[in-house]
1. Among the listed residues Val361, Val388, identify the single one that is among the hydrophobic types (A, V, I, L, M, F, W, C) and either over 24 Å from Asp310 (Cα atoms) or without any contact (Cβ under 8 Å) to a residue 12 or more places away in the chain (or both).
2. Return a yes/no flag: does region 97-118 have any residue that is out of contact with any Gly (no Cβ under 6 Å at 6 or more places or on another chain), among the β-branched types (Val, Ile, Thr) and farther than 28 Å from Leu187 by Cα.
3. Inspect all residues belonging to region 184-205 and state whether any of them is modelled with pLDDT under 95 and open to solvent by 10 Å² or more (accessible area, probe 1.4 Å).
4. Between Asn23, Asn74, Asn61, which is in a helix (DSSP H, G or I), closer than 30 Å to Ser255 by Cα and either free of Cβ contacts under 8 Å to residues at least 40 places away in the same chain or not hydroxyl-bearing (Ser, Thr, Tyr) (or both)?
5. Among the residues that make up region 143-154, is at least one of them within 24 Å of Gly331 (Cβ to Cβ), open to solvent by 10 Å² or more (accessible area, probe 1.4 Å) and either part of a helix (DSSP H, G or I) or polar (S, T, N, Q) (or both)?
6. Could you please find all residues in region 48-67 being in contact with a Ser or Thr (Cβ under 9 Å, 6 or more places away or on another chain) and open to solvent by less than 20 Å² (accessible area, probe 1.4 Å)?
7. Output the residues belonging to region 402-425 that are open to solvent by less than 30 Å² (accessible area, probe 1.4 Å), in contact (Cβ under 8 Å) with a residue 12 or more places away in the chain and either assigned to a loop (DSSP other than H, G, I, E, B) or over 17 Å from Arg28 (Cβ atoms) (or both).
Amino acid sequence: MKIAALLRGIEMTTRPIQPESRNALERRWAQLPDHVKTPGQLLGRAAVGCEGTHGVFPKCNLTCSPCYHSADANKVRIDGGHTVKGVTEQMEYLRSVRGPRAHAQLIGGEVSLLPAGDHAAALLAMRANGREPMSMTHGDFDYQYLLDVVLGPGGTPRFDRVSFAAHFDSLMRGRRGAVRPHSEAELNPFRARFAEMFTTLKHDHGVRSYLAHNMTVTPANLDQVTEVARAVLEMPYDMLSFQPAAYIGDDRRWSEGFEAVSIDAVWSRIEAGAGHAIPWQGTQFGDPRCNRTAVTVTAGTRSAALLDPDDPRDLAARDRVLAHFGGMIFGGTPAWIVGAKILRALLSYPGDVPHLVSFAVRLMRRAGGLRAVASAAFKRRLSFRTFVVHNFMDAADVAPAWAMMEQGVASDDPKIKETQERLGACMYTMSHAETGVLVPACVQHSVLDAGENVELRKMLPIRPVTRPPANGDPASTVPASTDSTTGPAGARTRKG
């Protein structure tokens, strides 16, 4: 009996796609509006989409124009216990309704304002629920804080890998050494310094990392995107993500005509910075009006698109991968299990092998040939880069669109109809475990954040709250927070 149970366990563990994952993907596909059910759609076929936290640490110590947080966000104190509890509840709910695996962002205000131990505890809670966490930060913290998050008692790593997304742009105010930057180029040393911390972390402690570089784009810095992309491509970032500004959050920080920046305008400048075309049409995450994503491979000094959407052979290989490998979980999985999953999938679909081998040959040719790729791999100069543009929507459109969607009403107004279509295909989800609701990120920021932060101000006030005397007793004072003035090692806590 023990041997039979062991064999059943091995069979299930090495099954290419777990039944729970397949069911989650099928549910996600069924929820998508028809207009995005295209051959290149990855939602519902390869992934359920990304996830994020909310209401767990809204405070930030930099100011940005624009800022997607409500006016009350900086009036809520940082409280590690509240953060860990909220993250755990949200991730447990996401795990229960969206399956065993997804990428999730630990996001709020500024994550490095969390005490390092609570930051680590939140990441562990996310991983315990099958989420691959990414900490969202402005990057203005010191190496010691990173060590305090990653290393446990005795200096033993808590994690074998961490993911961070650092937001750098000239619209941010208050960064140490660049309080009011006048150009994006001024921030390049800060971009490089942030990435270098993780290179040092790998060298000193063997902890690998995945780094994303984020940048908000307005008319003020649109024409600097090219230089930013060119500079960041020389740094060890794995993802370059750009977000055209939208009218969301604190309207006191809306200073320009954001509509002048289109997703096409941003993408063309990214390509100019990369020095080659980056075709995105071969794959799709949600609605293309919201997201564009493409992956390139770099062998030494030469880069090429992972997928050529103009080559029908590449598209045929894509279709086979999505049909037979979509939903296979690799992250957090031992190498032997990954190998066994791939082998079982290939044995189940042997007709895929010639198509995949042919695709690999074409990819190597695009990247400079077998010799160049092999040499780059040997010298550790073979890398993959992901390029992303997220195009958020204005709150004035999201609020009425969402209100009608909750009532099951489709709008006849062209703009509201478009907004409803995009919300229905959203690839970035936040959970409300207390009500059993999943909402798109634009809805969270446009509709729900303001009321949520009003309540958090009462629960976690920045300043001491003095209660009136009761039954003749002296007035009592509730302390604001033990961490509201000191913050974590290396992080400033000047109010933004």
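The values are calculated or read from the model by the stated rules, or taken from the named source; none is laboratory data. Just so it is clear, the structure is predicted and the values come from calculations on it, not from any experiment. Cβ coordinates were reconstructed from backbone atoms using ideal geometry, including for glycine residues, and neighbour counts include every protein chain displayed. Quick note on the areas: whole protein, heavy atoms, side chains included, nothing else; ligands and nucleic acids left out. Shrake-Rupley method; radii C 1.70, N 1.55, O 1.52, S 1.80 Å.
1. Values: Val388 fails: either over 24 Å from Asp310 (Cα atoms) or without any contact (Cβ under 8 Å) to a residue 12 or more places away in the chain (or both).
Val361 is the lone residue from the list that is among the hydrophobic types (A, V, I, L, M, F, W, C) and either over 24 Å from Asp310 (Cα atoms) or without any contact (Cβ under 8 Å) to a residue 12 or more places away in the chain (or both).
2. Yes.
3. From region 184-205, those modelled with pLDDT under 95 are none; that's our starting set.
No, every residue in region 184-205 fails to be modelled with pLDDT under 95 and open to solvent by 10 Å² or more (accessible area, probe 1.4 Å).
4. Details: Asn23 fails: closer than 30 Å to Ser255 by Cα; Asn61 fails: in a helix (DSSP H, G or I).
Checking each option against the conditions leaves just Asn74.
5. yes
6. Residues of region 48-67 in contact with a Ser or Thr (Cβ under 9 Å, 6 or more places away or on another chain): 48-54, 56-59, 61, 64-66.
Matches in region 48-67: Val48, Gly49, Glu51, Gly52, Thr53, His54, Val56, Phe57, Pro58, Lys59, Asn61, Pro66.
7. Of all residues in region 402-425, those open to solvent by less than 30 Å² (accessible area, probe 1.4 Å) come to 411, 416, 419-420, 422-425.
Still in the running and in contact (Cβ under 8 Å) with a residue 12 or more places away in the chain: 416, 419-420, 422-425.
Across region 402-425, the qualifying residues are Ile416, Thr419, Gln420, Ala425.
Rundown of residues vs (1) surrounded by fewer than 19 Cβ atoms within 10 Å (Cβ to Cβ); (2) of a type in the set (Ser, Thr, Tyr); (3) touching a Pro at 6+ places or on another chain (Cβ under 6 Å); (4) not in a helix (DSSP H, G or I), yes/no style:
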residue	(1), (2), (3), (4)
Met215	no, no, no, yes
Glu227	yes, no, no, no
Arg230	yes, no, no, no
Met235	yes, no, no, yes
Ser241	yes, yes, no, yes
Tyr247	yes, yes, no, yes
Arg269	no, no, no, no
Ile278	no, no, no, yes
